[in-house]
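The structure appears below as structure tokens.
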Amino acid sequence: MKFGGGGYVTGLVFHPTTSNLLYARTDIGGAYRWNQATSSWTPITDGIGFGGGENRFHGIESLAVDPNDDRLVYMAAGMYTFEGNARMYMSSDRGDNWTHVDVPFAMGGNNPGRAMGERLAVDPNKPTTLYFGSRLAGLWKSTDSAKTWTQVTSLSSVQMTTAQGYGNGVSVVVFDTGTKGSGTATPTIYAAISPDYVSAANLTSSLYRSTDAGATWSAVPTPVTGMYIPHMVRAADGMFYVGFTAAAGPGAGGPGRLYKFDGSTWTLLKSEDPTQWTSYGIGSVSVSGSGATTRIALGVSNSWGGGEIVQLSDDAGKSWREIEVGTSGETASGWVDDIEIDPSNPDHILHVHGGGIIETTNASAAKPTWKGTVAGLEETATLALVTPPAGASYNFVNSAGDVGLWVQTDLTKPPTLGPGLGWSNGYSADMAWTEPNYIAGFGMTNGDAKVKGYWSGDAGKTWSFFSSLPAGAQQNQGGSLVVTSRNNLVWAPSNSVPSYSTNNGASWVATNLPPLATIGAGGWSRGYLLVADRQNPNKVYAYDSGGATWSNLPSIVYISTNGGKTFTASPGMASAKMASDAYGSTFMAVNPNVEGDLWVADGNTVHHSVDSGTSWTKIAGFASANGASGASLIALGKAAPGATYTAAVYVVGVRNGVWGVWLSNDAGATWTRFNDDAHQFGGIGVMAADHSVYGRIYVSGTGRGLLYSN
């Protein structure tokens, strides 16, 4: 599906000598390679190594290219430091295929400071040697093209714990060389150290240097202390340009400083100091050329449309001019935390921001023209998805993080219909099955953290807000909402007793469903998942998944026969023996063509009821394996021509040890894999099936927006 960006691109990496060979890394959506022929981005982390149970490796910590061989690319991947040890990926075909090794340290591709770097660097002279600056465990080195790694204890052997914070550790590694391919390791290497690791390892500077190819390291005195070095770049003449910033970012405010450094002397080039009205920071820096005419592009962070976004100097930092604020076309301020001058064209400058990438190709002009360059780059995070009955005027309703709720009416174009809440989260939505122009949903505006319920009576063209919220909705954001018929709703906020409304949200009454027990330290997020029977509007089903595999709480399906006012537990629960699992690892769906035809994916396997939950049949063959849930999602769509069952059934799960999307056309008697190894998308978090087109499903990859099948 086309949305266009929608998420934070944390780094851009050009190959230094091959024109138009450019990679982008994202915080939750994997990595991309630029395709000059189509002027679009190609995702390169959808296949093997990024399937079920591997979603955390869509958080890309750093990328590095081999300057001697433009087909070699390396990638450090791990989304959060608390998730444990990460991976290093290697490709010999520009990211079309990857192999990987597990590494004995954590990464944080979506942690604070994620646009610092690059942490991963290839020695240009001896490219089998790589260095990686970790967040918690210091500096690491590989001498066999990233296959094995050892800690560089000559810098420090200290390994911090996650209890000490997110960690930014060793944030930048740079080789001091203008040569390549000599076969002898580059002697001089710099490593930028963040304040947390400086303190934990008892170091004396935020910058260290080795002059013997990493055997020993010594502190380099810096002109400022206690600050981060988000980026450090080397010009062709050997001059370094080094940014200092007060915080890790994204979008860190001031004070900020830009210096040039010749190996011994620091010269201040630019200062950003907070004022009463502004707090600009230095997010990123890139250089082109050398000597007195060195071009410097400086990304100014936290300006949010103020007086500076990109500052440009063509005299090695003696003078500056603003080249984005006030120009025609698109502008993007705030998280300008990586900026790159194209090594093949110094008039081509790109920078990242919270919604993607923006570029100019005429940077030397008095007023350059900027535009977004996000074709093919999709990083929205869908939280819930629902498809209408056949014949509706739209394809689905998408409730997504940060970009809100959207009604999709054309699969070839970005959506345009929604409640217009701007930067917001959409949590859940549904439509009246016999009157699909009536859509209801809820979400939160991120700026003020206010939860809002909303509805449309004309398929998303215009919207109104519910005049009240059910108990728990504001305090416990997230959850599930269903429509039984126009104006009749049931809303289950996270960690709350669901409520129903018979007057389009004017008032709410609590159902009789039991409160959910708190589990885990701090309260593990739970909730009731609701679905409405599409053939009988009086029937509503509520699923309590038990909260976690270790909760020791039962997994229970409840049934209402009066429109969601009161519920009773399914009498078949004892014999069904459904597993307990987290809310986000389980799902429930109905066959919209038959009353009482109910399906549950309990995290490990699939259960089917044809009598509204009175009794259940366990579907054989699904079982968790290799870190992937045996059955985490289920969707029912248009039946296959001539099929014996009235709906096609799709399950995200594991059969015979193989994770994927599995399709059954005969009510679960037989199954075939619907996707393949090249289409795994970092796992699948949301799925819905089309009721007009057989074989069409909509899925969300991890940070990969929405994708659909034909």
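The values are calculated or read from the model by the stated rules, or taken from the named source; none is laboratory data. These numbers come from a predicted model, not from an experiment. Here the Cβ positions follow ideal geometry from the backbone for every residue, glycine too, while neighbour counts run over all protein chains shown. Remember, those area values only see protein heavy atoms, side chains included, never the ligands or the DNA or RNA. Shrake-Rupley method; radii C 1.70, N 1.55, O 1.52, S 1.80 Å.
Rounded to the nearest 500 deg cm²/dmol, what is the calculated helix-only ellipticity per residue at 222 nm for the chain, with -39500 (n - 2.57) per DSSP H run of length n ≥ 4?
It lands at -500 deg cm²/dmol.
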In Å³ and rounded to a whole number, note down the convex hull volume per residue for the Cα atoms of segment 513-584. 90
Can you give the Kirkwood hydrodynamic radius for segment 1-116, in Å, rounded to one decimal and based on Cα pairs? 14.2
Which residues does the label zone of ALA375 cover in segment 24-43, counting backbone N under 18 Å from a point 7 Å along Cα→Cβ? 24, 32-43
Whose amide H sits under 5 Å from the amide H of TYR280, counting only residues 5 or more places off or on another chain, with H placed in the peptide plane? GLY254, THR275
Just name one of PHE105, LEU155, MET90: the one whose Cα is farthest towards the positive end of the charge dipole of segment 16-174 (beta-carbon charges, Lys/Arg +1, Asp/Glu -1). LEU155
Under the Kirkwood approximation applied to all pairs of distinct alpha-carbon atoms, what is the hydrodynamic radius of segment 307-383 in Å? 13.2
Using bins 10 angstrom wide from zero, how does P(r) for segment 554-614 break down, in % of all Cα pairs? 22, 55, 23, 0
Most positive-pole-ward Cα, SER134, GLY289, HIS348, against dipole of the chain from beta carbon charges: SER134
State the Cα centre-to-centre distance between segment 198-222 and segment 408-449 in whole Å. 52
Shape call for segment 451-600 from the C-alpha gyration tensor, a ≥ b ≥ c root eigenvalues: rounded (a/c under 1.5), prolate (a/b greater than b/c) or oblate? oblate
To the nearest 20 debye, what is the magnitude of the charge dipole of the chain about its Cα centre, counting +1 on the Cβ of each Lys and Arg and -1 on the Cβ of each Asp and Glu? 700
Answer check: segment 451-491, Cα atoms, Kirkwood Rh, Rg/Rh ratio of 0.96
Over segment 8-136, calculate the relative contact order: mean separation of alpha carbon pairs under 8 Å at least 6 apart, over the residue count, as a percent. 20
Could you list the square roots of 5 times each eigenvalue of the Cα gyration tensor of segment 374-481, that is, the equivalent ellipsoid semi-axes, sorted largest first and rounded to whole Å? 21, 18, 11
Report the normalised scattering of segment 264-336 as log10 I(q)/I(0) at q = 0.14, 0.22, 0.26 Å⁻¹, calculated by the Debye formula with identical scatterers on the alpha carbons. -0.45, -1.00, -1.23
How much space per residue, in cubic angstrom, does the convex hull of the C-alpha atoms of segment 405-534 take up? 121
Candidate lysines for bridging to LYS539, where Cα separation is under 21 Å - those fewer than 8 sequence places away on the same chain excluded: LYS565
Under a 5 Å amide H to amide H cut-off, with H placed in plane at 1.01 Å, what residues pair with ALA248 once short-range neighbours are removed? none
Where q = 0.09, 0.12, 0.19 Å⁻¹, what log10 of I(q)/I(0) comes from the Debye formula for segment 319-444, counting one point per Cα? -0.38, -0.60, -1.01
Strictly greater than 35 Å: what percent of every Cα pair in the chain meets that? 46
Answer rounded, prolate or oblate for segment 92-210, using the Cα gyration tensor with square roots of eigenvalues a ≥ b ≥ c: rounded when a/c is under 1.5, else prolate when a/b is larger than b/c, else oblate. oblate
In Å, the C-alpha Rg and Dmax of segment 133-175 are 11.0, 32
Test item: Cα-centred dipole of segment 314-471, Lys/Arg +1 and Asp/Glu -1 on Cβ, debye: 600
From the backbone phi of segment 19-29, what are the Karplus-calculated ³J(HN,Hα) couplings (6.51 cos²θ - 1.76 cosθ + 1.60, θ = phi - 60°) in whole Hz, Gly and Pro given as x? 4, 6, 8, 9, 10, 10, 10, 10, 7, 10, x
Would you mind pulling out the separation of the Cα centroids of segment 135-196 and segment 1-67, in Å? 23
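Using a 1.4 angstrom probe on the protein heavy atoms only, could you order ASP69, ASP690 from most to least accessible area?
Ranking ASP69, ASP690 by accessible area, largest first, yields ASP69, ASP690.
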Which order do ASP93, ASP402, ASP602 take when ranked by solvent-accessible area (1.4 Å probe, heavy atoms of all protein chains), largest first? ASP402, ASP93, ASP602
Hey, got the dipole for segment 68-213? About the Cα centre, +1 on K and R Cβ, -1 on D and E Cβ, debye to the nearest 20? 120
